[in-house]
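Trainee: To start, I am sharing the structure in question, which I have written as structure tokens.
Only the coordinates and a few stated rules stand behind these numbers; no lab work does. Note that the coordinates shown come from a computational prediction; the quantities given were computed from them, not determined experimentally.
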Amino acid sequence: MRVDVQQDDFDVAKLQSSLLSGEHDEGAIATFTGYVRCNSEPADGYRLELEHYPGMTESSIEAILEESAQRWPVCRARVVHRVGVLTAGEQIVWVGVSASHREAAFAACEFIMDYLKTRAPFWKKETGSQGASWVDARESDTLRAKRWQQSQQQ
């Protein structure tokens, strides 16, 4: 399990290969790459600024990874999340999970991403043609994360 919070961009191919142990236990890798989406026009003037609390943010994400490993037989999991000022179209987050079977890899990857959106302490400020504003949590993200709580109770 590894978490990187960084300003620098990342190489998806290198990250994916880091999920392989060399032991050949992995039968599947599921990944998610998120990009900065422009929520205002024009896109060339849009930027997203992400802030975090160093140490606390990484610990919070590590807890999410640990929870995923308790739910599914995960071989390896990794999250890379960028901070700082980003523009439309740039990579912002990468989640990767390796597991023996695809069902576990897919489920754990989706679980991690859903909880990143709701439990990881990042603060986002959008700046566009209408000025700057802090981004509030989306109700749709909260609802997606709640389904994991429901599935655990069943």
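Trainee: Please determine, in degrees from 0 to 90 and to the nearest 10, the orientation of helix 56-71 with respect to the longest principal axis defined by the Cα atoms of the chain, where the helix direction is its Cα long axis.
Mentor: 40 degrees
Trainee: Oh, and also: Who wins for biggest fluctuation among C38, C109, C75 in a Gaussian network model of the chain, springs between alpha carbons below 10 Å?
Mentor: In the Gaussian network model the winner is C38.
Trainee: Helix-only estimate, please: 222 nm mean residue ellipticity of the chain, summing -39500 (n - 2.57) across DSSP H runs of length 4 or more and dividing by its residues, to the nearest 500.
Mentor: The helix-only estimate for the chain comes to -11500 deg cm²/dmol at 222 nm.
Trainee: Mind telling me which of V95, V79, V135 comes out most flexible in a GNM of the chain, alpha-carbon contacts under 10 Å?
Mentor: Per the Cα network of the chain with a 10 Å cutoff, V135 tops the list.
Trainee: Can you give me the angle between helix 102-119 and the longest principal axis of the chain, using Cα atoms only, in degrees from 0 to 90, rounded to the nearest 10?
Mentor: 40 degrees
Trainee: Can you give the log10 of the normalised intensity I(q)/I(0) at q = 0.10 Å⁻¹, computed with Debye over equal Cα scatterers of region 2-153?
Mentor: Scattering profile of region 2-153, log10 relative to I(0): -0.37.
Trainee: For D4, list long-range residues whose amide hydrogen, built 1.01 Å from N in the peptide plane, is under 5 Å from its own amide hydrogen.
Mentor: Result for D4 returns V79, V80, H81.
Trainee: Report the relative contact order of the chain, percent, no decimals, based on alpha-carbon pairs under 8 angstrom and at least 6 residues apart. Before the final figure, lay out the partial values.
Mentor: Working: 286 pairs, mean separation 49.9, N = 154.
After rounding, I find 32 percent.
Trainee: Return one number: the angle in degrees, 0 to 90 and rounded to the nearest 10, between the long axis of the Cα atoms of helix 139-153 and the longest principal axis of the Cα atoms of the chain.
Mentor: With both axes taken from Cα atoms, the answer is about 20 degrees.
Trainee: Excluding same-chain residues fewer than 8 positions from K124, which aspartates and glutamates have a Cα within less than 13 Å of its Cα?
Mentor: By straight Cα distance, K124 reaches E49, E51, D136.
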